[in-house]
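The values are calculated or read from the model by the stated rules, or taken from the named source; none is laboratory data. Since the model is a prediction, treat every value here as computed from it, not as a measurement. Note that we place each Cβ from the backbone using ideal geometry, even for glycine, and neighbour counts take in every protein chain shown.
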Amino acid sequence: HGEDKPSAKLMSKTAIAFAHTGLLFLMARTVGGPIVKEIKPAALIGWVDTTFRSIRRRGKPAYVFASKTETLHEKLALRLPESQFEKKDKLKMAVADTGENGVFAKGELEAITSLRQMELITPEEIARAVELEIQGINTGKDVITAVDSSIMGPTYRGGYLRGQAIEDLNRLEQEVGIPSVALGELGPPELSKLLWEAYLLKENYGTLAKVLELDGDERKENKGKTSRANRPPEELSASLQQYLLDHPDVRDLITSTGGAILLPDGQTLLRGPFMRIPEVAASGTVQIREGDVDQWARKGWVDLRPQNMTGWQDRFRHMIRENQRVRGKGSAALDREVYLFDQIFIGEVVGWVFNNEMGGYRIK
């Protein structure tokens with residue numbers, strides 16, 4: 001490239017090339033994405049043509065100028081106006097055109113393709129490898145497959161020790177009396193919202209079934225008020241609101257980490273000094289338009305409205321149904337739709353939501 005070592009231009013090109021590979025790798029592991037392959041030549045690709053031609057620089061013809069003698073002093077001008085030099089003729093030379101890699105004179109081509117330098121690969125060889133990969137014939141040259149086979153994935157040891165870390169956090173949580181739910185720094189804004197909503201349901205009801213149905217004593221107490229065994233979503237909303245009123249430490253923890261709590265009336269918001277949702281970079285104030293509150297509540301607010309409680313009941317109903325489906329069956333039945341617990345484990349519940357409602361799950 002003609003720069004000093006290390007070459008800033010070459011380093012930039014390499015960084016972009018492998019950033020591109022990283023994006024393709026993520027695409028290849030994206031649910032519903034295409035089959036992705038990448039062939040990455042690591043030699044000079046050449047050549048398209050050899051010819052004698054006029055040379056162009058930045059789209060304009062280059063010229064031969066008569067040289068001038070200059071005595072060296074303290075300063076040296078790297079560029080002088082072309083008008084100070086005698087223009088002779090257009091610059092012409094026998095060159096090899098290598099396409100996007102540029103045009104090389106014979107000496108440059110000899111040097112860059114000599115043994116142990118960049119050497120040379122022909123476009124036809126690259127095209128053949130691409131053609132074979134498209135046909136499903138393994139060439140061993142697909143970079144995405146190479147990366148995929150060499151990265152380290154989840155391990156048995158990691159899964160085993162995960163339980164120890166969670167157990168330690170449970171113990172610390174009980175000792176200090178402060179719930180360890182979410183800081184708002186990880187993942188999409190929905191993560192904190194869903195974790196806190198699941199936490200409130202866990203603290204008030206404990207199990208999936210109790211969120212859905214009244215127990216025997218509750219049915220007697222509600223006799224005459226409702227004939228259904230189903231727990232009304234309005235009751236869930238009221239219970240969660242009352243819990244937050246009775247536990248200001250929990251309420252303030254949510255709002256101090258950038259969360260907001262939309263109360264059951266849909267008009268009242270509990271908030272702290274800053275809010276992560278709505279996400280507005282340029283301004284500290286936004287106009288509330290029709291539909292904005294619903295959008296923000298879905299995106300990141302702890303939503304105590306009855307319609308959101310109905311959504312949680314639908315989720316739990318699905319989880320229970322899938323749990324019952326796999327009883328007595330083998331491992332093949334344990335797919336991503338299965339929630340294996342009767343209790344509400346908030347992280348597992350939100351993982352289930354990501355897997356089944358947001359399409360954000362590992363495919364390998």
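Only one of 338, 293 is aliphatic (A, V, I, L, M) and closer than 19 Å to residue 262 by Cβ; which?
Sole residue among the options that is aliphatic (A, V, I, L, M) and closer than 19 Å to residue 262 by Cβ: 293.
Do we find that residue 52 is surrounded by fewer than 10 Cβ atoms within 10 Å (Cβ to Cβ) and assigned to a strand (DSSP E or B) in this structure?
Here the answer is yes, as residue 52 does meet what is asked.
Answer yes or no as to whether residue 292 is buried (at least 16 other Cβ atoms within 10 Å of the Cβ) and in the same structural domain as residue 192 (by TED's automatic domain parsing).
Considered against the rule, which asks whether it is buried (at least 16 other Cβ atoms within 10 Å of the Cβ) and in the same structural domain as residue 192 (by TED's automatic domain parsing), residue 292 comes out as no.
Can you name every residue in the stretch 245-256 that is of a type outside the set (Lys, Arg) and either without any contact (Cβ under 8 Å) to a residue 40 or more places away in the chain or surrounded by 13 or more Cβ atoms within 10 Å (Cβ to Cβ) (or both)?
245, 246, 247, 248, 250, 252, 253, 254, 255, 256
Test of understanding: among 272, 266, 351, 259, which residue is closer than 21 Å to residue 190 by Cα and touching a residue at least 40 places away in the same chain (Cβ under 8 Å)?
Within the list 272, 266, 351, 259, the selection yields 259.
Of all residues in the stretch 30-46, count the ones that are in contact with a helix residue (DSSP H, G or I) (Cβ under 8 Å, 6 or more places away or on another chain) and either part of a loop (DSSP other than H, G, I, E, B) or within 27 Å of residue 105 (Cβ to Cβ) (or both).
Matching residues across the stretch 30-46 total 11.
Taking the stretch 62-116 on its own, how many of its residues are in a strand (DSSP E or B) and touching a Gly at 6+ places or on another chain (Cβ under 7 Å)?
The number of residues fulfilling the criteria is 1.
Can you work out which of the residues in the stretch 338-364 that are of a type in the set (S, T, N, Q) and surrounded by 15 or more Cβ atoms within 10 Å (Cβ to Cβ) is nearest to residue 179 (Cα to Cα)?
Top of the filtered list is 355.
Pull up the stretch 81-120, narrow it to residues that are touching a Pro at 6+ places or on another chain (Cβ under 8 Å) and either modelled with pLDDT of 95 or more or under 12 Å from residue 55 (Cβ atoms) (or both), then point me to the one that is surrounded by the fewest Cβ atoms within 10 Å (Cβ to Cβ).
90
Can you tell me which residue among 35, 45 is in contact with a Gly (Cβ under 9 Å, 6 or more places away or on another chain) and within 20 Å of residue 126 (Cα to Cα)?
45
Could you check the stretch 115-139 and list, in sequence order, the residues that are hydroxyl-bearing (Ser, Thr, Tyr) and more than 24 Å from residue 97 (Cβ to Cβ)?
139
Taking the condition loosely packed, with under 11 Cβ neighbours inside 10 Å, at pLDDT below 90 and within 34 Å of the chain's Cα centre (by Cα), does residue 15 pass?
Judged against the criteria, residue 15 is not a match.
Look at the stretch 139-176 and say how many of its residues are surrounded by 10 or more Cβ atoms within 10 Å (Cβ to Cβ) and farther than 30 Å from residue 345 by Cα.
9
Search the stretch 258-315 for residues being closer than 15 Å to residue 196 by Cα and basic (Lys, Arg), and hand back the single one that is nearest to the chain's Cα centre (by Cα).
Applying the filter and picking the extreme gives 299.
Within the stretch 287-304, work out how many residues are more than 19 Å from residue 240 (Cβ to Cβ) and of a type in the set (A, V, I, L, M).
1
Would you pick out the residues in the stretch 119-166 that are part of a strand (DSSP E or B) and within 25 Å of the chain's Cα centre (by Cα)?
142
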